[in-house]
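> Okay, here's the structure, questions in a sec.
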Amino acid sequence: MITTPDNDNNFDGPMIFIIIGKGYESDDSEGIDLHIMLKAPDDDTAVREALNALAEEGFIEADLDQIGMLTEVPAEEPHASAYQGAVDGEVAIIRFN
């Protein structure tokens, strides 16, 4: 008999999402590869908050390709410190040039 429910809505730790995409700072730019990490109650909220944070950083457009929830703390930088920022309530934007 199963005693622990297997339900996606019962996650024990903070729900930290990672969104992978590309951001554009001008109409003629190639775009910058991005990883965005943030804490949110669901994926819809995570996408909205990510887009708002990108707009505040000067991005005029973004293509968000993937979204997922992190189940482990990243060990390597820059993702480890971005994860900690997300746990603390920040929206962490990692740029890859």
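> If you check every pair at least six apart or on different chains, which have Cβ atoms under 8 Å apart with a residue in the range 32-48 that is over 17 Å from Ile60 (Cβ atoms) and free of Cβ contacts under 8 Å to residues at least 40 places away in the same chain first and a residue that is open to solvent by 30 Å² or more (accessible area, probe 1.4 Å) and outside any strand (DSSP E or B) second?
As it stands, the answer is Ala40/Met15; Ala40/Glu49; Pro41/Met15; Asp42/Met15, since those pairs meet every condition given.
> Would you check which residues across the range 31-60 are open to solvent by less than 80 Å² (accessible area, probe 1.4 Å) and in a strand (DSSP E or B) and list them?
Passing the criteria: Ile32, Asp33, Leu34, His35, Ile36, Met37, Leu38.
> Pairs please, first residue from the range 59-80 and of a type in the set (Gly, Ala, Ser), second anywhere and open to solvent by less than 60 Å² (accessible area, probe 1.4 Å), Cβ atoms under 6 Å, 6+ apart in sequence or on different chains.
Sorted first by the residue in the range 59-80, then by its partner, the pairs are Ala62/Gly21; Ala62/Gly23; Ala62/Leu54; Gly68/Ile18; Ala80/Pro74.
The values are calculated or read from the model by the stated rules, or taken from the named source; none is laboratory data. Everything numeric here is computed off the predicted structure, so don't read it as measured data. A quick note on method: Cβ atoms are made from the backbone with ideal geometry, for glycine too, and the neighbour counts reach across all protein chains shown. Areas reflect the complete protein model, heavy atoms only, side chains present, ligands, DNA and RNA absent. Shrake-Rupley method; radii C 1.70, N 1.55, O 1.52, S 1.80 Å.
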